[in-house]
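Derivation of every value follows stated rules applied to the coordinates shown; laboratory data play no part. Values in this document were obtained by computation on a predicted structure and should not be read as measured data. Backbone-built Cβ (ideal geometry, glycine too); neighbour counts: all protein chains shown.
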Amino acid sequence: MLSIINVAVGIIAKNNKVFAARRKPGLHLAGFWEFPGGKIEQSESPEQCLERELREEFGIETQVTHYIGENIHSYNDKTVRLIAYQVEYLSGDFQLRDHDQMQWVAIPELDSLVWAEADIPLISQFKSKVSLTRFYQKQASSYAQETTSVDLEPLYARFLQHLKPNAHILDLGCGSGRDSRYFLNHGFEITALDGSSELAKIAENLIKQKVLVALYQDMLFDNEFDAIWACASLLHCPEDQILSVLSRVNKALKKDGVFYASFKWGDGESCDALGRLFNNYNSEQLQALVNGIGGFKVIECWEETKPLRDTTQKWVNILVRKTGTKK
Ligand SMILES: Nc1nc2c([nH]c(=O)n2[C@H]2C[C@H](O)[C@@H](COP(=O)(O)OP(=O)(O)OP(=O)(O)O)O2)c(=O)[nH]1
């Protein structure tokens, strides 16, 4: 098998547009559009590589801000692992050295370019991350208002019966902080995390403690929590990333730790009128997903219909215990 070439690529976003460049004639994949970047040398991290490549190939100074995702792809003659980061442009005039064209592309129009094949899954990962966090950034206060008053007492009881007093709970996708507040008021230790910095500010105000701002796709906890509560949050995780996120959940839990998650009932991905992506399951599919990962035992999985504004919404819930560490 061919060895894998590690390539760092940068997604530079500005005013809702993303920078793309076309590989010049004579290069591998000439004529295809790509994100700027290059091969990672032995002595450097992906972030250092990216800042160097952007300086060498475009004459610009940049700073890597956060990890987006990765994709391994085999072309006829080589296999590449693209590791994508969001990058902030700092200074310099863009110059073309290894490319013959460049452009800023509106995010919804990204699919209209002829991309190097390895980049296509990265585009969908990037889109799902920006569209969601943008929604929860802009709508943070109305979303928080709408959700803070919902009463989840029976659901809390169903989860908390599996925990020891004072257990340490990760509220994964804490939103307004409603559930963290309840758990804190009942003597539990809380780490709250949300992908939207605006929602995190609202939650901090409610629970009077720091809220971490991060995407669940990027969390790196190891053996830290007695329980993880993901109420209506992982439902936004794209289908092709859910296994990786559930593996991170498994790693973040201590042995015998308990995990709760809820999803909208349905089959596969859908998009609502507000542009949010949902990843839907029925109870059989959700149990099969969790069982397929290994290191988890399902305690219970149930479907229920709840009122939502002037209609109803069917949900699927799962409660799981960690039995081992997922490799
Ligand atoms: N930079 C970059 N390379 C990509 C992308 N997508 C993709 O399949 N590739 C492939 C093309 C190449 O085979 C490989 C990276 O090569 P490169 O030519 O950009 O790397 P480099 O600047 O370090 O190259 P060199 O010094 O060896 O000329 O990855 C992408 O979005 N950006």
What FRET efficiency, computed as 1/(1 + (r/R0)^6) with R0 = 45 Å and r the Cβ-Cβ distance, is obtained for residue 76 and residue 137, rounded to the nearest 0.05?
0.60
Expressed as an acute angle from 0 to 90° and rounded to the nearest 10, what is the orientation of the C-alpha long axis of helix 283-293 relative to the principal long axis of the chain?
60
For the stretch 150-322, just say rounded, prolate or oblate: build the C-alpha gyration tensor, square-root its eigenvalues into a ≥ b ≥ c, call rounded for a/c under 1.5, and beyond that prolate if a/b exceeds b/c, oblate if not.
rounded
About its Cα centre, how strong a charge dipole does the stretch 150-322 have in debye, to the nearest 20, once Lys and Arg get +1 and Asp and Glu get -1 at the Cβ?
440
Arranged by the count of other C-beta atoms within 10 angstrom, fewest first, what order do 174, 301 take?
301, 174
Most exposed to least, judged by fewest other Cβ atoms within 10 Å, 87, 105, 316 sort to 105, 316, 87
Let me spell out the model: positive unit charges on the Cβ of Lys and Arg, negative unit charges on the Cβ of Asp and Glu, origin at the Cα centre of the chain. What dipole size does that give, in debye rounded to 20?
620
Quick one: angle between helix 46-58 and the longest Cα principal axis of the chain, in degrees between 0 and 90, rounded to 10, please.
40
C-alpha long axis of helix 197-207 to longest principal axis of the chain, angle in °
20
May I ask what percent, to the nearest 5, of DSSP beta bridges between residues of the stretch 4-129 are antiparallel?
70
Quick one: net charge of residue 206's neighbours, Cβ under 15 Å, K/R +1, D/E -1?
-1
Ranked from fewest to most other Cβ atoms within 10 Å of their own Cβ, 7, 213 fall in the order 213, 7
Over 22 Å between Cα atoms, which of 129/255; 164/251; 129/297 qualify?
129/255; 129/297
To the nearest 20 debye, the stretch 4-129 has a Cα-centred charge dipole, built from +1 on Lys and Arg Cβ and -1 on Asp and Glu Cβ, of 220
What shape does the stretch 207-258 take by its C-alpha gyration tensor, where a ≥ b ≥ c are the square roots of the eigenvalues and a/c under 1.5 counts as rounded, a/b above b/c as prolate, and the rest as oblate?
oblate
Rounded to 5, percent antiparallel among DSSP beta bridges of the stretch 150-322
60
Projected onto the charge dipole of the chain (unit charges on the beta-carbon of Lys, Arg, Asp and Glu, signs +1, +1, -1, -1), the Cα from 188, 203, 85 with the largest positive-side position is that of 188
Using alpha-carbon coordinates alone, the radius of gyration and Dmax of the chain in Å work out to 21.5, 65
Within the chain, percent of DSSP bridges classed antiparallel, to nearest 5:
65
